[in-house]
Structure formats: structure tokens, C-alpha cells
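A.B. asks: Here it is: the structure, laid out below.
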Amino acid sequence: MDVFNELMLGFSHILTFQIILYAVLGCALGMLTGVLPGFGPAAATALLLPVAFLVGPTASIVMIAAIYYGSMYGGTITSVLLNVPGEVSSVATCIDGYQMTKRGQAGKALAIAAIGSFVGGTISIFAMLFASKFASLALSLTYLDVFAFSLLALSLVVMLTGDSMIKGLVSAALGLFVGMVGLDNFTGVPRFTMGSLSLFDGINFVAVVMGIFGLAEILESIGGQRVADFSGNIGSVLLKWRDIRDTLGSMARGTVIGFFFGLVPGSPAAACSFTSYAVEKRVSKTPERFGRGAIQGVAGPETANNALGISNFIPLLTLGIPSSATMAILLGAFVINGLTPGPLLFTQHPEIAWGFIASLALSNVILLIMALPLVRMWVSVLKIPTLTLYAITLGFMTVGAYTVDTSIFNVAVMWIAGLIGFALRRLKVPMAPAALTLVLGPMLEGNFRRALSVNHGSFTGLFTSPTADIAYGLIAAIVLAKIFGALRRDHVVRTPIREQPEDPSGTEIPGNTAGQEQVRGGTYHN
Amino acid sequence: MEINTQDKRPVSLRWLSRGLMVRRMIRTNRHTGDRIAAAILLAVSLVLLAMSIHYQLFQGSAPGPGLFPAIVAGILVLLSVLWLITGAGSASKSETTVSSAHNGDREHPERTAVQSLAATDSRSSVGGSAATDVEESADAEMVSIDEAGARRILFVIGWTAIPLVFLERIGYLLTITIYVGGLLLVIARTRPWVGLLGALVGAALTEVGADRLGITLPDPLGLLQVFGL
């Protein structure tokens with residue numbers, strides 16, 4: 001019962017009119033940003049960070065959680081209506097969601113996505129309540145263990161994202177360097193400041209993430225002229241009992257899959273949603289309907305996505321280690337508010353820690369309430385020309401970066417980060433490792449130097465903890481697995497595509513039948 | 001990787017030949033952009049390494065402020081050399097992955113998605129984590145940029161000089177009106193009066209809103225007071 005008492009403490013901390021209002025605003029802004037084609041939760045959260053900092057620590061953390069939720073659902077809207085996933089994890093939703101849109105059942109697809117997200121999110125929050133008790137175990141970890149676990153999380157993210165391990169590591173190293181700019185925490189020596197006083201306090205985290213995630217995405221979209229318009233009919237958002245009955249199992253399975261995928265740092269969200277999709281297809285009595293608008297094909301992946309989104313918080317809240325780019329941005333938001341996620345947060349600021357978990361539950365409810373009645377409003381946003389939306393967003397970003405600490409310097413930082421981020425994206429360098437090291441860098445360096453200092457400068461000091469040694473062993477195993485995996489995959493790539501079966505499960509590709517049915521959904525041009 | 005049962009060579013030799021084939025393949029797929037980026041990164045990381053060493057690696061027996069950066073810079077030098085040599089395996093292998101849902105089959109994007117699912121589906125039963133291949137292209141989801149697109153990007157970058165130079169000199173209202181108005185006219189191709197008027201109204205509303213929230217936006221000309229806002 002302790003857990004529920006503590007959750008109640010959290011609710012009592014956040015259930016004020018003002019904070020609920022900020023949560024509603026956060027959800028709405030998140031959805032609005034998530035609806036921008038190509039914008040996923042990382043970009044949306046990064047873009048809206050300055051807004052959240054205007055409202056004080058508790059409200060800002062509640063608002064960021066709401067923005068995160070809203071942007072995830074915003075991505076679902078574009079996946080279903082336009083076949084444009086906000087992030088790669090929504091691709092699985094596109095398959096059947098867009099087919100449902102073509103049949104005039106977009107409303108139904110969006111409704112089941114909202115309900116699935118709610119179910120997956122709620123059950124995962126309950127599971128998270130119990131997992132949060134393990135935070136006390138983390139208190140027994142030494143700084144060396146935390147260093148090793150941070151490296152392990154980073155290795156997982158580097159290995160699981162991007163085309164190449166080298167590029168992932170380059171991204172991580174660049175993030176570390178950006179985090180090192182400014183006065184050294186131990187000695188006060190200015191590092192990499194080029195003599196500029198503006199850099200003595202370091203490079204502003206918000207400006208950098210706005211640049212590498214938000215601005216880089218906008219530049220890419222403007223260059224590619226992603227023009228998305230939806231002129232179809234979304235149909236009714238009301239579900240029949242049969243729809244609910246048909247998808248209950250999908251939601252249950254999606255929740256389990258998503259929750260366990262989210263526990264592993266760096267766990268690819270796309271793998272989670274595609275696993276859910278594959279499982280649904282396998283257990284279905286009518287697998288031939290998948291790819292042609294099966295409602296289970298939307299319910300499963302969407303539920304899994306949201307369950308993953310919640311369980312992703314567990315490593316962050318219990319160990320203080322972010323498991324994805326979005327979590328790194330959220331960790332940055334905590335740090336800027338003077339809070340350090342991890343085991344100490346539950347003992348030092350229980351009202352914030354439990355308030356945050358309560359705010360996730362609150363956002364879950366708000367999202368469900370807002371998603372369906374307002375779906376037509378979000379659809380109307382899609383009728384505004386995309387380039388107009390981007391032009392307006394650039395204006396808001398300029399103001400946002402300026403208001404971080406009322407300095408034009410941060411606008412310049414955002415643009416420099418954005419241009420570098422854009423160039424790196426074009427080179428297929430993943431940005432998630434950079435976001436992680438940007439936040440984890442100072443902690444990594446601090447623990448590294450502490451270990452060496454204690455052992456009189458000897459590097460053997462890094463290997464004095466058995467727990468840390470296990471983590472190093474896992475890192476070595478992950479690296480080796482990645483190298484062998486790359487060798488295997490390169491062999492597969494060399495095999496001409498025409499020699500591969502089109503679909504081993506025997507499902508017809510729906511595109512083959514296109515033209516036989518009238519397309520009533522959205523369109524996507526480049 | 002399927003094991004060729006016809007191959008009678010020892011396992012070690014088979015792996016060696018596969019390694020050589022992969023290396024050959026990577027060489028042929030090197031991208032000029034990758035090589036340029038790797039060369040720039042190499043130069044930057046060497047500078048960073050030199051700067052780090054200058055900050056002192058050790059102070060007595062304790063690590064100095066330059067030790068950690070020097071290690072990271074050293075790793076970066078190594079990585080950039082590897083990137084330069086191998087092209088970082090940047091071979092375009094995204095034909096069967098989700099990023100091509102944007103670039104490839106525009107008329108039937110679901111086909112690409114189903115193909116990637118099929119690939120995921122078939123391999124996940126073997127490797128368990130093969131689905132990660134889908135995620136691997138997530139970060140680098142690519143949109144092809146044509147000449148007109150490049151011009152738009154260059155305009156946006158150049159036009160950013162407006163807020164950088166004028167925001168604190170002539171204030172938020174005028175700067176953002178010119179900045180967003182210009183973007184609307186050139187990028188979004190709105191009608192001039194719609195673009196400029198929309199930008200002006202939007203800038204005025206946000207400035208007033210920010211003022212009510214206690215956020216001070218630069219207004220050296222006192223325009224808010226002039227307009228009685």
C-alpha cells in the first residue's frame with residue numbers, strides 16, 4: 001500500500017487547477033507539434049522546452065510529460081491520415097492505419113490508437129509504480145557502478161541506433177565535447193571556450209537540443225518540401241463493441257511487449273512496434289486482413305508504443321540513466337530545474353518523483369479526453385500548407401531560444417547546432433547518442449576522474465567494483481555482437497532483393513491492389 | 001547469414017573470405033560526403049586533442065582537466081580515421097527499410113512498410129533482435145533534397161541573420177515581423193499582404209502574451225507603448 005500512498009502524495013502535489021491547465025496545454029502543444037509531418041517526440045519535446053521552463057519546476061515537469069504524450073499521439077495522427085510517421089516507431093501503425101483511412105475509417109483507427117495508448121500507458125504506469133521501489137536498491141551502487149551503467153546504457157544506444165557503429169560513436173563523442181565546454185567542475189579551468197565569456201557557463205542544453213532535433217528536422221523538411229495534405233473524410237470516431245472486443249487481446253499483448261522493450265536502454269521503439277505487429281499477425285485467425293486495414297494492426301503497435309514510452313522512464317527514474325534521446329531531453333529538463341532523476345529523487349524530493357509519475361497518469365487521461373473530440377481540429381491543422389507551418393515554427397523557435405536566458409547568443413547556438421545536426425543527419429549520423437552524452441557527459445567525467453583520483457591516477461581504479469566489471473563485460477559482449485551482426489547483415493544486403501521472398505507469411509502486399517479501390521485518404525508528396 | 005553447406009572450406013577460411021568480401025563492398029560504396037566529413041572531423045579532433053593536452057592531463061597523481069577530453073579526442077581521431085577508410089559502412093542499405101517509405105515508393109508507401117515488416121518478421125524469428133534494423137534507419141530518416149530545396153534551405157539560413165543582427169537592436173516586434181514575413185513570402189509563397197500582416201499580428205500577439213507572462217522581449221524602440229499595448 002506504500003506505493004499507492006506515495007502515488008497519492010504525488011497526485012496531491014499536482015492536482016491543482018493551474019497544473020492541470022499546464023498539462024492540458026502541454027498535451028495540446030505536443031499534439032500540435034507532433035502533427036507537423038516528420039516531427040517525433042524528441043523534436044517536439046526539444047522545440048517546446050523553452051515554453052515549459054516559463055512555469056516553474058513542478059509545472060514544467062508536468063508540462064513536459066504532457067508534451068511528450070501529446071507529441072506521440074500527434075505522430076499517430078499523421079501516420080494514420082497521411083502515411084507519414086512522426087517517428088520510425090509509428091511506421092507499423094501506418095501499415096493498417098493508412099489502409100483504414102483509405103476506406104474512410106480513419107476516425108476508427110485514431111480512436112483505437114487513443115484507447116490503446118491509454119490502456120498501454122495506464123498498465124505500464126501501474127507496473128512502473130512497483131519498479132520504482134527498486135530505486136532504493138540503486139542507492140547501494142557506487143559512483144563507479146553508476147559510471148559503468150551509464151557507459152552500458154550509452155553503448156546500447158550507440159549500438160542499436162544508426163547505420164554504423166562508427167557514426168554512433170562519433171555522435172556520442174561530439175555530444176561529450178559539447179558537454180565539456182565551459183569551466184571545469186573540478187578545477188575551474190575554462191575548457192574549449194575560445195576566450196568567449198558567454199561559453200564559461202557551458203553551452204546551453206536547451207538551445208543545442210532545439211537545434212539538433214527541432215531545427216535540423218525543419219531544415220530537412222523545408223529542403224525536401226514535405227507537403228502533406230489531407231482532404232479525405234475521417235469518418236466516425238465511435239467504436240462498436242465488436243471493435244473493442246477484437247482488440248482487447250492486441251492491447252494486452254502490446255502492453256506486455258512494449259513494457260519489456262522499454263526497460264532496455266536504447267531498445268529500438270520500431271522493433272517494439274513491429275514485434276507487436278508481427279505477433280498480432282501471427283495470432284490472428286485472419287492474417288490475410290493485415291496490411292489491408294486490420295484494426296488489430298493499429299491497436300497492437302500503438303499500445304506497445306505507449307507502454308514502451310512509459311517503461312522507458314524506469315531506467316531514468318531508478319538509475320538516472322536516460323534510455324533514449326527523448327529521455328535525455330527530459331533528463332535535461334529535470335537537471336535544469338535543479339533536480340537529479342535517480343534513486344535520490346525518491347528520497348530527497350518524493351513529491352516531485354511521485355508527482356511526475358502521477359503527472360504521467362494525468363496526461364494519459366487528458367490525452368484520451370482530448371484526442372477524440374478534438375481530432376477534427378488536428379486534422380484541420382493538416383490543411384494549413386506545411387511550409388507555412390514551418391515558417392511560423394521558425395519564428396517561435398527564435399523566440400524560444402532567446403527566452404531561455406534572454407540572450408541572442410542562444411539563438412546563434414541553436415542555429416549552429418541545427419546546421420551541424422542537419423549535416424550529420426544527411427550523413428546518417430544518429431543524434432540519439434549525442435543527446436545522451438550531452439546530458440550524461442559531466443556525470444561520466446566526474447565519476448571517471450573520481451575513480452582515478454582515489455586510485456592515485458591509476459586506470460585500474462575503474463575495475464575495482466564487481467558490479468562495474470559485469471557492466472564492462474556486457475559492453476564488450478554488445479560490441480562484439482554488433483560487429484558480428486554487421487558482418488551478417490552486410491552479407492544479407494549483398495543478396496539481391498529480387499531473390500528474397502516478398503512476404504514470407506504469404507500476405508499480399510496491399511500496394512499491389514491499389515487502384516482497385518478509391519483513395520479517399522491523405523496524400524504525401526515530395 | 002545463411003551457411004553455405006556446399007562450401008567445404010574450414011570455417012575460419014569462410015569467415016575470412018566473407019570479411020574480405022564485406023570490406024570490398026564497403027570500399028565500393030564509400031560516399032564522397034562521408035569522406036569529406038571524416039576528413040573535417042579528423043582535423044577538428046586533432047585540434048581538440050592538442051587543446052586537451054594543453055589543459056594538463058594530470059595534476060600530480062590526480063587526473064587533470066585535460067585527461068578526459070584527451071581520451072575522448074583520441075577516440076574521435078581513431079573514429080574519424082576509421083570513417084575515412086571504411087566510409088563507416090554507409091552503403092545505401094535503406095532500400096528495404098522504413099526510410100524509403102518517404103523516398104521510394106510514393107504511390108504505394110505501404111508496400112515499403114510491409115516489405116520492412118516482412119524483413120523484420122522473417123529475421124526476428126532467427127535472430128530475435130533483427131527488428132532493430134528498422135530502427136537503425138530511424139535517426140537518419142532521409143528526405144531527398146533537390147535544387148529548389150537547397151535554395152530554400154540556403155535562404156532560411158541566410159535570412160536568420162535578421163534576428164541575429166536586429167533582434168536586440170530594433171526589437172522583437174519589427175524583427176520577427178520581417179523574419180517570419182520574409183519566410184512566409186519566399187518559402188511558403190503566401191501573398192505579400194497575407195504574409196506580412198499575418199507575421200505582424202502574430203508577433204504583436206506573442207509579444208503581448210509574453211509580456212503578460214512576465215517574459216521581457218527586446219523592445220528598444222518602445223513600440224509596445226507607442227501602440228498602447
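All of the numbers you see were taken from the coordinates with simple rules; none came from a lab. Nothing here was measured: the structure is a model prediction, and the numbers come from that model. Reconstructed Cβ throughout: ideal geometry from the backbone, glycine too, with neighbour counts over all protein chains shown.
A.B. asks: Before anything else, pin down the relative contact order of the range A:376-486: Cα pairs under 8 Å, at least 6 apart, normalised by residue count, whole percent.
C.D. replies: 8
A.B. asks: At R0 = 22 Å, how high is the FRET efficiency between B:Gln59 and A:Thr464 if r is their beta carbon distance? Nearest 0.05 is fine.
C.D. replies: My answer for the efficiency is 0.50.
A.B. asks: Right, something else. Among B:Leu224, B:Gly195, B:Ile176, whose Cα projects farthest towards the positive end of the dipole of the range B:147-226, with charges put on the beta-carbon of Lys, Arg (+1) and Asp, Glu (-1)?
C.D. replies: Positive-end residue among those listed: B:Gly195.
A.B. asks: Additional query: Could you give the size of the charge dipole of chain A about its Cα centre, using +1 on the Cβ of each K and R and -1 on the Cβ of each D and E, expressed in debye and rounded to the nearest 20?
C.D. replies: Value, rounded to 20: 960 debye.
A.B. asks: To one decimal place, what Kirkwood hydrodynamic radius in Å is obtained for the range A:2-492 from all pairs of distinct Cα atoms?
C.D. replies: 22.8
A.B. asks: For the range A:365-488, take N as its residue count and report Rg(C-alpha) divided by 2.2 N^0.38 Å.
C.D. replies: Computed over Cα atoms of the range A:365-488, the ratio equals 1.67.
A.B. asks: 7 Å from Cα along Cα→Cβ at both A:Leu183 and A:Gln18: what's the point-to-point distance in nm?
C.D. replies: 3.2
A.B. asks: Could you compute the FRET efficiency for B:Ala161 and B:Gln225, with r as their C-beta to C-beta distance and R0 at 30 Å, rounded to 0.05?
C.D. replies: The calculated FRET efficiency here is 0.60.
A.B. asks: Ratio of the range A:8-49's C-alpha Rg to 2.2 N^0.38 Å, to two decimals?
C.D. replies: Expressed relative to 2.2 N^0.38 Å, the Cα Rg reads 1.41.
A.B. asks: With point charges of +1 on the Cβ of Lys and Arg and -1 on the Cβ of Asp and Glu, referenced to the Cα centre of chain A, which listed residue (A:Ser311, A:Ala148, A:Ile234) lies farthest in the positive direction of the dipole?
C.D. replies: My answer, from the dipole projection, is A:Ile234.
A.B. asks: Using the membrane-span-like helix rule (whole DSSP H runs, Cα extent along the own axis of at least 20 Å, mean Kyte-Doolittle hydropathy at least 0.5), which helices of chain A qualify?
C.D. replies: Long hydrophobic helices here: A:17-35, A:57-82, A:106-131, A:143-160, A:165-180, A:350-371, A:386-405, A:408-426, A:432-454, A:466-494.
A.B. asks: For the pair B:Ala150/B:Val44, report the inter-label distance in nm, with labels modelled 7 Å from Cα in the Cβ direction.
C.D. replies: A separation of 2.1 nm, rounded to one decimal place.
A.B. asks: Give me the percent relative contact order of chain A, please, defined on Cα pairs under 8 angstrom at least 6 residues apart.
C.D. replies: Normalised by residue count, the contact order of chain A is 28 percent.
A.B. asks: Determine which residues of the range B:197-229 fall in the zone a paramagnetic label at B:Arg169 would reach in this model, i.e. backbone nitrogen under 17 Å from the point 7 Å along Cα→Cβ.
C.D. replies: B:218-222
A.B. asks: Give me the number: length gained by fully extending A:Phe130 to A:Met8, i.e. 0.36 nm times residue separation minus the C-alpha to C-alpha distance, one decimal in nm.
C.D. replies: Contour length minus Cα-Cα distance gives 42.5 nm.
A.B. asks: Can you list the equivalent-ellipsoid semi-axes of the range B:31-89, largest first and in whole Å, using the square root of 5 times each Cα gyration tensor eigenvalue?
C.D. replies: Calculated on Cα positions only, the semi-axes equal 28, 10, 5 Å.
A.B. asks: Near the amide H of A:Arg191, under 5 Å away, which other amide H atoms are found, from residues 5 or more places off or on another chain, if H is placed in the peptide plane?
C.D. replies: Long-range HN contacts for A:Arg191: A:Gly182, A:Leu183, A:Asp184.
A.B. asks: Within 10 Å of each Cβ in peptide B:51-64, how many partner chain Cβ atoms are there on average? Round it to a whole number, please.
C.D. replies: Mean inter-chain Cβ contacts per residue within 10 Å come to 4.
A.B. asks: Here is a further query. What distance in nm separates the two pseudo spin-label positions at B:Ile85 and A:Leu197, each 7 Å out from Cα along the beta-carbon direction?
C.D. replies: So the two model labels end up 4.7 nm from each other.
A.B. asks: Taking a quarter of the surface of the Cα convex hull of the range A:327-403, what do you get in nm²?
C.D. replies: Its Cα hull, projected and averaged over all orientations, spans 7.2 nm².
A.B. asks: Further, regarding this structure: Rounded to whole Å and ordered largest first, report the semi-axes of the equivalent ellipsoid of the range B:147-226 derived from its Cα gyration tensor (root of 5λ).
C.D. replies: 25, 14, 10
A.B. asks: Then there's this: Of all the stretches in chain A, which is the longest one without any exposed loop site, taking trypsin sites (Lys or Arg not before Pro) in a DSSP loop (any state but H, G, I, E, B) with at most 11 other Cβ atoms within 10 Å?
C.D. replies: Answer from the scan: A:1-239.
A.B. asks: Okay, moving on. If you average the alpha carbon positions of the range A:401-480 and of the range A:259-329, how far apart do those two centres end up, in angstrom?
C.D. replies: After rounding, the separation between the Cα centres reads 26 Å.
A.B. asks: Further question on the same structure: Mind ranking A:322-332, A:435-445 by how tightly packed they are, going by the mean number of other C-beta atoms within 10 angstrom, highest first?
C.D. replies: Final packing ranking: A:322-332, A:435-445.
A.B. asks: Report the FRET efficiency, 1/(1 + (r/R0)^6), for A:Thr340 and B:Met51, where r is their Cβ-Cβ distance and R0 is 25 Å, rounded to 0.05.
C.D. replies: 0.25
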